[in-house]
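Notes to accompany the following structure.
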Amino acid sequence: MIHPTRTNLLLLKEKSSSVSNSIGILKSRRQALIIEFLKTSTPYLESRKSIRQLYGEGIVELFFSLGHAGESVIDSISAVTAREFGVEITSRKLWGLEYKEISPRESAVRDINARNYDIRGTTANLEEATWRFEKIVDAIMDIAEYDNKLQRLSREIIQTTRRVRVLEERILPKLKRQIKSITQYLGERERETYFRLKQFKEIKHAAN
């Protein structure tokens, strides 16, 4: 129970004003995060769509190349074309929200002459399949970048919304009730003091 004094009334009003400002800041932050979420979700969905299309086309080309060259030839080509694929992970911040940005050091798509095998021993179908699967690796890297960012953004949007609700629906109404209660109490005391002072003056005046 807060003691109903003018000092506590002023403190409650300052706290109420601070909470209102915090709500405004949190809402602005949430709005910025939502905009960034929507902006990021577009290329994310496009990358997923691209993977589905490339994978379907790549499987078809690989099927034809298996029929022409045979499984052993494709296995040997796969062995000589294996390579390490490095990525860079960078920390980014958006309105105080930290997330990881993942990007490949180089594109997975290689020039046809940079695949460590003699292209004269392959088929056009195999080259088409290889190109599509390399493109899939690039698209997966894009998804990895967007996925981490979207997860962090969605969690932060939810948490910020909860904070706004707590402040709007619990903290601020409670402060306003306390302010109203103390204001009414002090008003009643002032009226009582005024009434007593008036009575005292009337008694003093009658005595004279």
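Just a few scattered comments:
- Among all residues of the range 6-14, there is at least one that is in contact with a helix residue (DSSP H, G or I) (Cβ under 8 Å, 6 or more places away or on another chain), at pLDDT 90 or above and crowded, with 17+ Cβ neighbours inside 10 Å.
- Test: residue in the range 41-56 that is β-branched (Val, Ile, Thr), surrounded by fewer than 16 Cβ atoms within 10 Å (Cβ to Cβ), out of contact with any Ser or Thr (no Cβ under 6 Å at 6 or more places or on another chain) and closer than 16 Å to LEU153 by Cα: yes
- Matching residues in the range 131-140 - criterion: being touching a residue at least 40 places away in the same chain (Cβ under 8 Å) and either touching a helix residue (DSSP H, G or I) at 6+ places or on another chain (Cβ under 9 Å) or closer than 11 Å to ILE59 by Cβ (or both): ARG132, PHE133, LYS135, ILE136, ALA139, ILE140
- The range 110-130 - residue that is surrounded by 18 or more Cβ atoms within 10 Å (Cβ to Cβ) and out of contact with any helix residue (DSSP H, G or I) (no Cβ under 6 Å at 6 or more places or on another chain) and, of those, nearest to ARG48 (Cα to Cα): THR130
- Exactly one residue out of TYR194, TYR117 is aromatic (Phe, Trp, Tyr), modelled with pLDDT under 90 and under 30 Å from ILE77 (Cα atoms), and it is TYR117.
- All conditions in (1) in a strand (DSSP E or B); (2) modelled with pLDDT under 80; (3) surrounded by fewer than 17 Cβ atoms within 10 Å (Cβ to Cβ) hold for ILE102, with the sole exception of (3).
- Restricting the range 156-200 to residues that are under 51 Å from the mean Cα position of the chain (by Cα) and of a type in the set (Ser, Thr, Tyr), the residue that is nearest to LYS13 (Cα to Cα) is THR183.
- Residues in the range 57-81 that are surrounded by fewer than 15 Cβ atoms within 10 Å (Cβ to Cβ) and touching a helix residue (DSSP H, G or I) at 6+ places or on another chain (Cβ under 9 Å) were compared, and the one that is farthest from VAL166 (Cα to Cα) is HIS68.
- Single residue of ILE140, ILE136 found to be touching a Phe, Trp or Tyr at 6+ places or on another chain (Cβ under 8 Å) and among the β-branched types (Val, Ile, Thr): ILE136
- Count of residues meeting criterion [of a type in the set (Gly, Ala, Ser), under 23 Å from VAL137 (Cβ atoms) and in a helix (DSSP H, G or I)] in the range 59-98: 5
The values are calculated or read from the model by the stated rules, or taken from the named source; none is laboratory data. No experiment lies behind these values; they were computed from the predicted model shown. In this analysis, Cβ positions are derived from the backbone assuming ideal geometry, glycine residues included, and neighbour counts consider all displayed protein chains.
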